[in-house]
Amino acid sequence: MLLLLRLYLGWGYICDRLYSPTIVYEETGWYDCQAWAKPTASLTQERLIVTYELRPFLLRLRYSFVILCLTLGAEVSLLTLT
């Protein structure tokens, strides 16, 4: 269950970074933060990747996590009743 959560959070972060129109990066510390605007072609390509490849994967992970939680909840409730 923790593995699914870790996968979902990690890929969600990557999805957010790809979909963002700017890239924020730090060279040596918090005080020299830079923001770089993505070129239009790169932004379009990354948004297509997010839309058609990553979001369906994240939805499958979310559904798997919900089903796993419901199954574990039902099992625990059945064990407490008997």
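The values are calculated or read from the model by the stated rules, or taken from the named source; none is laboratory data. Because the structure is a prediction, the values reported are computed rather than measured. No Cβ is skipped: glycine too gets one built from the backbone with ideal geometry, and neighbour counts run over all protein chains shown.
Structure notes:
- Within segment 25-75, the set of residues being more than 17 Å from MET1 (Cα to Cα) and in contact (Cβ under 8 Å) with a residue 12 or more places away in the chain comprises ALA35, TRP36, ALA37, LYS38, LEU43, GLU46, ARG47, ILE49, VAL50, LEU54, ARG55.
Let's see how each residue does on (1) in contact with a strand residue (DSSP E or B) (Cβ under 9 Å, 6 or more places away or on another chain); (2) part of a helix (DSSP H, G or I); (3) modelled with pLDDT under 95:
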{"position": "LEU7", "(1), (2), (3)": "no, yes, yes"}
{"position": "ARG17", "(1), (2), (3)": "yes, yes, yes"}
{"position": "TRP36", "(1), (2), (3)": "yes, no, yes"}
{"position": "THR44", "(1), (2), (3)": "no, yes, no"}
{"position": "PHE65", "(1), (2), (3)": "no, yes, yes"}
{"position": "LEU68", "(1), (2), (3)": "no, yes, yes"}
{"position": "GLU75", "(1), (2), (3)": "no, yes, yes"}
{"position": "LEU78", "(1), (2), (3)": "no, yes, yes"}
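- Lone unmet requirement of (1) part of a helix (DSSP H, G or I); (2) surrounded by 12 or more Cβ atoms within 10 Å (Cβ to Cβ); (3) not basic (Lys, Arg) for ILE23: (1)
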